[in-house]
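Here the structure comes first, spelled out in structure tokens, and everything after it is commentary.
The values are calculated or read from the model by the stated rules, or taken from the named source; none is laboratory data. None of the values given here were measured: they were computed from a predicted structure. Cβ sites come from the backbone with ideal geometry, for glycine too, and all protein chains shown count toward neighbours.
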Amino acid sequence: MQFVFVGNNLALDFCNTQVAERKKVRDLLLTWSDFYHWAELAELPVEQQPDVEFERVLALRADMTQLIADKAEGHVSASPKLDLLNDYLGIAHDLQHLDFNAASGEFILQPRHRLLPVSAVLAKIAEAAAQALVAEQRYPVKKCANPDCVLHFLDTSRTGKRKWCSMDICGNRTKVAVHQRKHS
């Protein structure tokens, strides 16, 4: 299993845990173990809580994926899919607190928990999704130009003309295929 972190946004990377292989969508999050592994790679210190319903993790991903895909295609509208996202946004504000470091004389944001409960990790992901959905003015949400790819990303390139989820994943493959068609 290979997680990809090409979205330039935590929520997009979470949505990108569904990938295309041989023109079929493959889900990389099948178990709690998969989710914990992804969270570790995403540098989210998650507390293992097997009593939490895994279906809520998948439901949030499905709703965010649809909202992001709609945004990338320019089909933005109010949606019931915002409800679950907003539920987790309500949790997000309680994840850190402002502290004062007397030694340095500076304010610092400290996490409230050493290990985050699953709901807090989902809240961080929901917050990143909200940022991606409202960040269109600066960085557009795009779908990879490879028609067989299902990955999305924030185009943070200087020119705003990024087309591929990753040159390694789709860009080079597509360019090689075009070159081979031209010279065969």
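Starting from residues that are of a type in the set (Phe, Trp, Tyr) and under 19 Å from Thr17 (Cβ atoms), keep the ones in segment 51-107 and report whichever is farthest from the chain's Cα centre (by Cα). Please lay out each step first, then the result.
Filtering segment 51-107 for residues of a type in the set (Phe, Trp, Tyr) gives 54, 88, 100, 107.
In the following step, the residues that additionally are under 19 Å from Thr17 (Cβ atoms) were identified as 54, 88.
Numbers: Phe54: 17, Tyr88: 15 Å.
Looking at the filtered set, the residue picked out is Phe54.
Filtering segment 38-67 to residues that are part of a helix (DSSP H, G or I), loosely packed, with under 15 Cβ neighbours inside 10 Å and in contact (Cβ under 8 Å) with a residue 24 or more places away in the chain leaves Leu41, Ala59. Test Val134 against the stated conditions and say whether it is outside any strand (DSSP E or B) and in contact with a strand residue (DSSP E or B) (Cβ under 7 Å, 6 or more places away or on another chain). No; evaluated as a whole, the condition is false for this residue. When segment 17-30 is limited to residues that are at pLDDT below 95 and either in contact with a helix residue (DSSP H, G or I) (Cβ under 8 Å, 6 or more places away or on another chain) or loosely packed, with under 10 Cβ neighbours inside 10 Å (or both), the one that is nearest to Leu85 (Cα to Cα) turns out to be Val25.
Select, from Asp148, Asp87, Asp94, the only residue that is modelled with pLDDT of 85 or more, among the acidic types (Asp, Glu) and not in a helix (DSSP H, G or I).
Numbers: Asp87 fails: not in a helix (DSSP H, G or I); Asp94 fails: modelled with pLDDT of 85 or more.
None of the other options fit; the residue is Asp148.
Give Phe100, Phe3, Phe14, Phe35 a once-over and let me know the one that is surrounded by 11 or more Cβ atoms within 10 Å (Cβ to Cβ) and not in a helix (DSSP H, G or I).
Values: Phe100 fails: surrounded by 11 or more Cβ atoms within 10 Å (Cβ to Cβ); Phe14 fails: not in a helix (DSSP H, G or I); Phe35 fails: not in a helix (DSSP H, G or I).
Every option except Phe3 fails the conditions.
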